[in-house]
1. Checking the condition touching a Pro at 6+ places or on another chain (Cβ under 6 Å), modelled with pLDDT of 90 or more and under 30 Å from Q118 (Cβ atoms), which residue from N220, N151 passes?
2. Can you find even one residue in the range 22-36 that is of a type outside the set (K, R), crowded, with 22+ Cβ neighbours inside 10 Å, in contact (Cβ under 8 Å) with a residue 60 or more places away in the chain and assigned to a strand (DSSP E or B)?
3. Looking at (1) over 27 Å from N75 (Cα atoms); (2) assigned to a helix (DSSP H, G or I); (3) not β-branched (V, I, T), which one does P262 not meet, given that it meets all the others?
4. Note down all Cβ pairs under 9 Å where the first residue falls in the range 278-302 and is of a type in the set (G, A, S), the second is surrounded by fewer than 16 Cβ atoms within 10 Å (Cβ to Cβ), and they're at least six residues apart or on different chains.
5. Just for the range 236-263: of the residues that are among the hydroxyl-bearing types (S, T, Y) and within 26 Å of A44 (Cα to Cα), which one is surrounded by the fewest Cβ atoms within 10 Å (Cβ to Cβ)?
6. Which condition does E319 not pass, out of (1) in a strand (DSSP E or B); (2) under 23 Å from the mean Cα position of the chain (by Cα), if it passes all the others?
7. Can you find a residue that is over 25 Å from Q24 (Cβ atoms), in a strand (DSSP E or B) and within 16 Å of the chain's Cα centre (by Cα) anywhere in the range 120-136?
8. Quick test for you: out of K109, K99, pick the one residue that is assigned to a helix (DSSP H, G or I), over 22 Å from Y150 (Cα atoms) and touching a residue at least 12 places away in the same chain (Cβ under 8 Å).
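The values are calculated or read from the model by the stated rules, or taken from the named source; none is laboratory data. Since we're looking at a predicted model, the values are computed, not measured. Neighbour counts run over all protein chains shown; Cβ positions are idealised from the backbone, glycine included.
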Amino acid sequence: MVITEVKDKAAKKAFLDVARVIYQNDDIWVCPLDNDVEAIFDPAKNSFYNHGKCIRWILTGSDGQLIGRIAAFINNEKAYNYEQPTGGVGFFECIDDEKAAFLLFNTAKNWLKENSMQAMDGPINFGENDTFWGLLSEGFTSPPSYGMNYNPEYYKAFFENYGFKTQYEQITNYLNVLKPFPERFRRIANWVIQKPGYTFKHLKASEIEQFAADFIEIYNDAWKGFENFVPITHATILESFRKMKPLMDENLIWFAYFNGEPASFNIVLPDANPMIKPLKGKLDLKGKLTFLYLKWKGVNRMRAIVMGTKQKFQNHGLESALFIKLGEYVLPLSQYEEMELSWVGDFNEKMIALHAAMGSVFGKKHLTMRYIFA
């Protein structure tokens, strides 16, 4: 087996093609857009290069055939927040061969050790955790939504046998949009909506800078109590909004305010994967035309990407109110049938409780794992 660092155009293409080899007979898999994957490794498009670095490799067999790939990265804003400096690995793909998998893990580990790391998390992303994050461990029979990792079942044994330990589980639940919310949920939400001082607005692209500022204010307050939290930056959120723009329906993204103060948000997008599956990763002219047609035709699934509420407004029912406002737009469309609520860490008890109160059902589970170097 030969491992090669990705440095030139041919190696970049090979890195993308590894996934096509692994999933060539898997009808569930949806090939991510090549442009989306390559953007992670482009310093001009990924703001994480401002405070980190990454590297990637491909693995070929003795016959020259592609059999695996992996990327390793260091986010200096997070690496030193742990007991031991911790880097990351991701974009792992491999044939069903433990020796090949371990060679990939070892290559990443050695690079991280050379860069003063003492542990590695994986599979994670060199970016925010809303895309390309986690090892799928349950829920293999339903198609992944846009940005959510999908992998063969045998990957779990690779990670565990190598020595990775689960740090936390990421739960994805499904909500039947056509089924009415439970009575208690609706009662609380409507009570909040009618309270003096509260206003609710959906995103407007013409005011994206203000909504981005509101998002940052809410997000950084909402999540500051979680372990190893790193505040989100203006550049990162504008980058995220830019990526969302081709999919965005302004009426699916809602913010709540109290006397004008940003208090809570709920970011929901149409699920792009039904639109991009026929493209097989290629967004060339034909792919763009196909995508635009399928976008015009519409999809029946949404994905709730992230929610957040300032700490002083938590337990006030704002999250419930935002879903009611969303429903006021969605239900008359008679288009959407399902919403994916993804992903919620098993440590986030409040969000798990909210999902249950809404009447959602379990969909998938991903694992974020860590390997501490000997």
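1. Details: N151 fails: touching a Pro at 6+ places or on another chain (Cβ under 6 Å).
One residue alone meets the criteria, N220.
2. Within the range 22-36 (the criterion being of a type outside the set (K, R), crowded, with 22+ Cβ neighbours inside 10 Å, in contact (Cβ under 8 Å) with a residue 60 or more places away in the chain and assigned to a strand (DSSP E or B)), the answer is no, since none of the residues qualifies.
3. With (1) over 27 Å from N75 (Cα atoms); (2) assigned to a helix (DSSP H, G or I); (3) not β-branched (V, I, T) applied to P262, the lone miss is (2).
4. From the range 278-302, the pairs are G281/R20; G281/N35; G287/P278; G287/K280; G298/L333; G298/Q335.
5. Of all residues in the range 236-263, those among the hydroxyl-bearing types (S, T, Y) come to 236, 240, 257.
Now narrow it down to the ones that are within 26 Å of A44 (Cα to Cα): 236, 240.
On the way: T236: 19, S240: 21.
Restricting to residues being among the hydroxyl-bearing types (S, T, Y) and within 26 Å of A44 (Cα to Cα), the top hit is T236.
6. (1)
7. Looking through the range 120-136, at least one residue is over 25 Å from Q24 (Cβ atoms), in a strand (DSSP E or B) and within 16 Å of the chain's Cα centre (by Cα).
8. Being assigned to a helix (DSSP H, G or I), over 22 Å from Y150 (Cα atoms) and touching a residue at least 12 places away in the same chain (Cβ under 8 Å) holds for just one of K109, K99, which is K109.
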